[in-house]
Amino acid sequence: METSLTFGCSSSPPLFDDLAETLLLCAGSEAGIPRSECLRQLDDNVLIHSPAKAWLFYNCYRNMADFVGVKCAPNVKDKAFEPRSQGEVLGIIYDMPSFSMTISEGKIDKILSLLFDVIEAKPLVLNDTVETLNGKLSFYHPLAQELGRFERGFLLHLQDSSEKPAKYVTVTPEARSQAWFWVIMIDVARGGVPIPDARPLS
């Protein structure tokens, strides 16, 4: 049933979301892990913890899913995997021994292609290209550390959300400059950057 809930009607996303959240809450409760220590992106679940706790949560989640009849993805490289010290989650490769992260090469290629579409525009580029690029930069901007939060303004203003994707927009010199910044930052991120501490200050 869960494979059909994401399609077909406007109410399906919250139905699917509630089911995924309930399963995560139940598994976390059984493993004794607070919800605040788990990450869920739609149907993807991520837990970074000590090896013992990570394995406990993993086994509880898989057993709970099996019990209620939810099919989990098989262990496949870069898609779904059991607890380990390095792995790719949503296009970001995390390395826990060095506490660093980088972008997968496949994602880098896509982002660079979009960036050069903007850089090489003469001077028009598709609105859809800029919207796609901004969506990716919004997700990956932590790889540029603090700078990533600010070096997107001209690119964000470049897109026209009120217009159709097929509309052309004019690339400003400032937007082109920010695109070059991101080409450099993506190259820096290839070597790995520190994972930011997301815990709230007490």
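A few points about this structure:
- These residues, 55, 182, go from largest to smallest accessible area, 1.4 Å probe, as 55, 182.
- Anisotropy class of the range 71-124 from Cα gyration tensor, a/c 1.5 cut: oblate
- Estimated translational D of the range 27-159 in µm²/s (Stokes, Kirkwood radius over Cα pairs; 10 °C; 1.306 mPa s): 92 µm²/s
- Simple Cβ-charge dipole of the chain, Lys/Arg +1 and Asp/Glu -1, about Cα centre, in debye nearest 20: 160 debye
- Rel. contact order, % - alpha carbon contacts under 8 angstrom, at least six apart, the range 53-134: 14 percent
- Accessible-area composition of the range 36-107, carbon plus sulfur, in percent [1.4 Å probe]: 56 percent
- 25 Å Cα-Cα threshold exceeded, pairs from 110/164; 71/136; 79/136: 71/136
- Surface exposure of the chain, expressed per residue as accessible area with a 1.4 Å probe, stands at 61 Å².
- With both labels modelled 7 Å from their Cα along Cα-to-Cβ, the residue 116 to residue 195 distance reads 3.2 nm.
- Cα-based shape type of the range 26-99, given that a ≥ b ≥ c are square roots of the gyration tensor eigenvalues and the cut on a/c is 1.5: oblate
- Over the range 81-189, the fraction of Cα-Cα pairs per 5 Å bin, rounded to whole percents and listed from the shortest bin up, is 2, 12, 22, 22, 16, 11, 7, 4, 3, 1.
- At R0 = 25 Å, FRET efficiency that the Cβ-Cβ distance of residue 139 and residue 100 yields, to 0.05: 0.90
- Listed by chain and number, the aspartates and glutamates placed with their C-alpha closer than 13 angstrom to that of residue 77 are 88; residues fewer than eight positions away on the same chain are left out.
The values are calculated or read from the model by the stated rules, or taken from the named source; none is laboratory data. Bear in mind the structure is a predicted one, so any value in this text is a computation, not a measurement. Note that we place each Cβ from the backbone using ideal geometry, even for glycine, and neighbour counts take in every protein chain shown. Accessible surface is based on the protein model in full, side chains and every heavy atom, while ligands, DNA and RNA are left aside. Shrake-Rupley method; radii C 1.70, N 1.55, O 1.52, S 1.80 Å.
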